[in-house]
């Protein structure tokens, strides 16, 4: 891809230098050659280019973007290459260059979100350290073109350590994290923490939300019709199930109990499928307490009769009393 067209070299010195070191090069712009070495994840070639530029006082254009909005530091993060990112920082520091670290490309990617997407804690720490050292406030909330943002990615990746880094950085810089928004699939942090069965992350984001006076819409469904209570039952996780009920009660929210997802699954049916008597009893206790009706279909009774007589009796008794 054509890049940095204003910095063409008019001699073959860089070609000779690279050829002497085992590399055949056809491009004439040292910045394009540098970019290619990052895209290729070619660390030895990248080092040679930096060395040549330094020895010959060549001004490398570290912050210029190509037609896709990519630039060297962003590409080093996209390629998940911490060593190249470190060398870029060291070279920039030595030459009094402040690196661009917050700009997005045309897909909405920027270094911090990409490091979190890549599940790379070393790169994430490196970006935070560089930002602190250069008094730059990091962009940690912006979403990419599909509506994904850093906190959502680290929960999707089940990465507690990066989540802690993100929360700590936000707190230290008086930033309120984006924590309730949905991506294009309708996914959001609380739902992901349940789907991925991660109680530690669930508790962390609930604690963060409470401290920042954020209330989750705990009934929100994604485009597949999934929602937190349904996810906890699908994972057969009674502890998560109880945490969701506790959160809803504390925030005066009536939980969605009867909604089906796109596959026709709903809380009671999943509880029966999981043979989980505790969950079934909890569902019945919950609807009694909230004065709502738990929908029990003939298929639920039939399913229970083939699985567990105790479950069958509980459901039959409830249905008889509420019909």
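The values are calculated or read from the model by the stated rules, or taken from the named source; none is laboratory data. Computed from a predicted model, the values in this text were never measured in an experiment. Glycine gets a Cβ as well: all are built from the backbone with ideal geometry, and neighbour counts include every protein chain shown.
Any idea which of 307, 281 is touching a helix residue (DSSP H, G or I) at 6+ places or on another chain (Cβ under 8 Å), at pLDDT below 85 and on the phi < 0 side of the Ramachandran plot?
Checking each option against the conditions leaves just 307.
Contact annotation: no residue pair with Cβ atoms under 7 Å, 6 or more positions apart or on different chains, pairs a residue in segment 17-42 that is free of Cβ contacts under 8 Å to residues at least 12 places away in the same chain with a partner that is not in a helix (DSSP H, G or I). What number of residues within segment 153-168 satisfy the criterion of being free of Cβ contacts under 8 Å to residues at least 40 places away in the same chain and crowded, with 17+ Cβ neighbours inside 10 Å? Going through segment 153-168 one residue at a time, the tally reaches 1. Number of residues in segment 304-323 that are within 15 Å of residue 281 (Cα to Cα), in contact (Cβ under 8 Å) with a residue 24 or more places away in the chain and in a helix (DSSP H, G or I) equals 6. Residues considered: 90, 83. Of these, the only one that is touching a residue at least 40 places away in the same chain (Cβ under 8 Å), outside any loop (DSSP other than H, G, I, E, B), farther than 27 Å from residue 213 by Cα and out of contact with any strand residue (DSSP E or B) (no Cβ under 8 Å at 6 or more places or on another chain) is 83. Counting only helices (runs of 4 or more DSSP H) wholly contained in segment 169-254, the ones carrying 3 or more residues that are surrounded by fewer than 20 Cβ atoms within 10 Å (Cβ to Cβ) occupy 199-211, 238-250. The set of residues in segment 29-62 being in a loop (DSSP other than H, G, I, E, B), out of contact with any helix residue (DSSP H, G or I) (no Cβ under 7 Å at 6 or more places or on another chain), under 30 Å from residue 110 (Cβ atoms) and at pLDDT below 95 consists of 59 alone.
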